[in-house]
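Single-structure report; data block below.
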């Protein structure tokens, strides 16, 4: 039986349309199924990823615990590798726990007495400190703060100890860096480590960084550090920078706090001497001597000042007291010898002022000059003995031997001067 073409065509068309619809439906079903499967895979994958990240953190912790038991540096190396891997992932890199464990691991590296373990990281102390700070930054619930803060306090001391070691071997740059780190860590607790400040100032001074040393000395003064030397050191630092005003301000500030400190009195004295303010300088000397009556240098300085002021009798007394306290004081010996020598020269001048009609007065002045020259001799010879290379002393002795008619002494000194 022949099927009419029109009906066949209709059926074929219909069949084709249905087939196309079924195909499209199959595609939709297939796509929907894939979407479902993809979503299921994603949901399964994400927890797996988080679990893997947690696994790295926990592995790091486990390796660290294994290290505690075995003291095997390989366990510590594995802990480092695991914790660093955890930090490469976006999620675990912002976990407080990750950074806390990292701080602990590197802390263990630094404090280890085993060279192999200690050598796992040359920056272990810095990394440990920075990791603890990061942990507290991410620790919104403050789960680790109580454990971290005592360790940060220990880290401050470790920086201080390492800085001291560097300082003792004259690695002042490394010492300064560690002392400054101690200061930084201490400020985390809103405290100032006075020892670190002091050592930082000394290290900066050794490096010739006077601006930084002055900054740290000022910091010590601000916290009321009880040591008068700080004012002296600050004054010296400012003086080296050419700031005489700030230098003197440091001295006067120190004198207010420590009015009887002899070193600060002398600092103030030196300032007045440089400014040629002799009366103020003399008062400072008297204050200093009242505090240190057995200090030969102070009596010598007083004699020098009185000598400069023309008060020769009081100057002579001051020199004599200085030499009584310290017979080997070069300056006091030389100055007292020079004082007598100058008096002798003055008498020679007086003698030369007399004419022949005043022969008696001439002889008296000449004799007086000779007495002064003789008094000068033992002091200048002692000064030459104490410092045989001082040319001023040798020239004075040459002139003195000439006036005393000591040809041997004159020849000996002349030869020394020529050589």
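Among the residues making up the range 244-271, those that are surrounded by 16 or more Cβ atoms within 10 Å (Cβ to Cβ) and part of a loop (DSSP other than H, G, I, E, B) are 258, 261.
The rows are residues; the columns are (1) farther than 19 Å from residue 392 by Cα; (2) free of Cβ contacts under 8 Å to residues at least 12 places away in the same chain.
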{"site": "276", "(1), (2)": "yes, yes"}
{"site": "281", "(1), (2)": "yes, no"}
{"site": "285", "(1), (2)": "yes, no"}
{"site": "295", "(1), (2)": "yes, no"}
{"site": "307", "(1), (2)": "no, no"}
{"site": "312", "(1), (2)": "yes, no"}
{"site": "322", "(1), (2)": "yes, no"}
{"site": "335", "(1), (2)": "no, no"}
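Out of the residues in the range 329-349 meeting the condition of being over 16 Å from residue 301 (Cβ atoms) and in contact with a helix residue (DSSP H, G or I) (Cβ under 6 Å, 6 or more places away or on another chain), tell me which one is surrounded by the most Cβ atoms within 10 Å (Cβ to Cβ). Full working, then the answer.
Of the residues in the range 329-349, the ones over 16 Å from residue 301 (Cβ atoms) are 337, 340-349.
From the residues that got through so far, the ones that are in contact with a helix residue (DSSP H, G or I) (Cβ under 6 Å, 6 or more places away or on another chain) too are 337, 340-341, 343-344, 347-348.
On the way: 337: 25, 340: 23, 341: 23, 343: 19, 344: 22, 347: 20, 348: 18.
Among them, the one singled out is 337.
From the list 382, 398, exactly one residue is farther than 23 Å from residue 323 by Cα, touching a helix residue (DSSP H, G or I) at 6+ places or on another chain (Cβ under 7 Å) and at pLDDT 90 or above. Which is it? When all the criteria are applied, what remains is 398.
Of the set (1) on the phi > 0 side of the Ramachandran plot; (2) under 40 Å from the mean Cα position of the chain (by Cα), all apply to residue 326 but (1). So residue 43 fits all but one of (1) modelled with pLDDT of 50 or more; (2) outside any loop (DSSP other than H, G, I, E, B); what number is the exception? Going through the list (1) modelled with pLDDT of 50 or more; (2) outside any loop (DSSP other than H, G, I, E, B), residue 43 breaks only (1).
Taking the criterion of being touching a residue at least 12 places away in the same chain (Cβ under 8 Å) and over 37 Å from the mean Cα position of the chain (by Cα), the residues of the range 72-85 that qualify are 75, 78, 82, 85.
The values are calculated or read from the model by the stated rules, or taken from the named source; none is laboratory data. Quantities reported herein were computed from a predicted structural model and do not represent experimental measurements. Ideal geometry is used to build each Cβ from the backbone, glycine not excepted, and the neighbour counts take in all protein chains shown.
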